[in-house]
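The values are calculated or read from the model by the stated rules, or taken from the named source; none is laboratory data. Since we're looking at a predicted model, the values are computed, not measured. Quick reminder, even Gly has a Cβ in these numbers, built from the backbone with ideal geometry, and neighbours come from all protein chains shown.
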Ligand code: AMP
């Protein structure tokens, strides 16, 4: 099963992707996690910008070719823009949209307190998400593989809804 999870930062996407990956016995691939480990792109992340599309696409492509991904994967964070879709689009069986209203994700992100979670950066990343990533939903809707799950409520309830949707 090849699955993409889409949702704004603070929607619980990473947590849900992790739980689902464990349940299905396939790896969770998070571009955010990959980039946070890469000294070269630290400055890009620190100002709330996106990493270069070509570099990102190449990293994901290579990672998905590794043997642990051959039975499927949960992708969290790629593709994030239509440009990335045009450079490299993994084939997905399902795209899960984790829907949480903007007001709620801002509240959650403020509580999370990660180093890159200042009010300014939170809003900058969310603006980017609504402008560049949200349009991907139409793309996957037209392919007939999009499912929407509400990200409100407790972690296990959301995970149960996700399992039901796939
Ligand atoms: P995330 O943990 O998904 O919120 O990602 C953290 C940061 O990593 C983002 O703010 C971007 O700077 C970078 N990043 C993650 N995924 C991508 C991507 N697909 N394209 C470009 N930059 C990305």
(message) Within segment 66-73, does at least one residue satisfy the condition of being surrounded by 15 or more Cβ atoms within 10 Å (Cβ to Cβ), more than 10 Å from the ligand (Cβ to nearest atom), within 30 Å of residue 160 (Cα to Cα) and under 15 Å from the mean Cα position of the chain (by Cα)?
(response) yes
(request) Only one of these is within 23 Å of residue 148 (Cα to Cα), surrounded by fewer than 18 Cβ atoms within 10 Å (Cβ to Cβ), within 13 Å of the ligand (Cβ to nearest atom) and modelled with pLDDT of 95 or more: 87, 55, 82. Name it. (result) 82
(request) For residues that are farther than 16 Å from residue 142 by Cβ and touching a helix residue (DSSP H, G or I) at 6+ places or on another chain (Cβ under 8 Å), scanning just segment 90-99, find the one that is surrounded by the fewest Cβ atoms within 10 Å (Cβ to Cβ). (result) 90
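Right, residue 32: in contact with a strand residue (DSSP E or B) (Cβ under 6 Å, 6 or more places away or on another chain) and near the ligand (Cβ under 8 Å from one of its atoms) or not?
Numbers: in contact with a strand residue (DSSP E or B) (Cβ under 6 Å, 6 or more places away or on another chain): no; near the ligand (Cβ under 8 Å from one of its atoms): yes.
Criteria not met by residue 32.
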(request) Of the numbered conditions (1) closer than 26 Å to residue 100 by Cβ; (2) free of Cβ contacts under 8 Å to residues at least 24 places away in the same chain; (3) in a helix (DSSP H, G or I); (4) within 11 Å of the ligand (Cβ to nearest atom), residue 22 fails exactly one; give the number of that condition. (result) (4)
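Residue under question is residue 8, and the condition is that it be assigned to a loop (DSSP other than H, G, I, E, B) and within 10 Å of the ligand (Cβ to nearest atom); does it hold? Write out each step before concluding.
Numbers: assigned to a loop (DSSP other than H, G, I, E, B): yes; within 10 Å of the ligand (Cβ to nearest atom): yes.
Considered against the rule, which asks whether it is assigned to a loop (DSSP other than H, G, I, E, B) and within 10 Å of the ligand (Cβ to nearest atom), residue 8 comes out as yes.
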(message) Pairs needed: first member in segment 36-52, without any contact (Cβ under 8 Å) to a residue 24 or more places away in the chain and over 14 Å from residue 124 (Cβ atoms); second member anywhere, within 7 Å of the ligand (Cβ to nearest atom) and part of a loop (DSSP other than H, G, I, E, B); C-beta distance under 8 Å; at least 6 residues apart or different chains.
(response) 41/51
(request) Could you tell me which numbered condition residue 131 fails, if it satisfies all but one of (1) surrounded by fewer than 14 Cβ atoms within 10 Å (Cβ to Cβ); (2) outside any helix (DSSP H, G or I); (3) free of Cβ contacts under 8 Å to residues at least 60 places away in the same chain; (4) within 17 Å of the chain's Cα centre (by Cα)? (result) (2)
(request) Scan segment 1-26 for residues that are surrounded by fewer than 17 Cβ atoms within 10 Å (Cβ to Cβ) and in contact with a helix residue (DSSP H, G or I) (Cβ under 8 Å, 6 or more places away or on another chain) and jot them down. (result) 1, 15, 23
(request) Please state which of the following conditions residue 98 fails to meet, knowing it meets all the rest: (1) part of a helix (DSSP H, G or I); (2) within 16 Å of residue 9 (Cα to Cα); (3) touching a strand residue (DSSP E or B) at 6+ places or on another chain (Cβ under 8 Å). (result) (1)
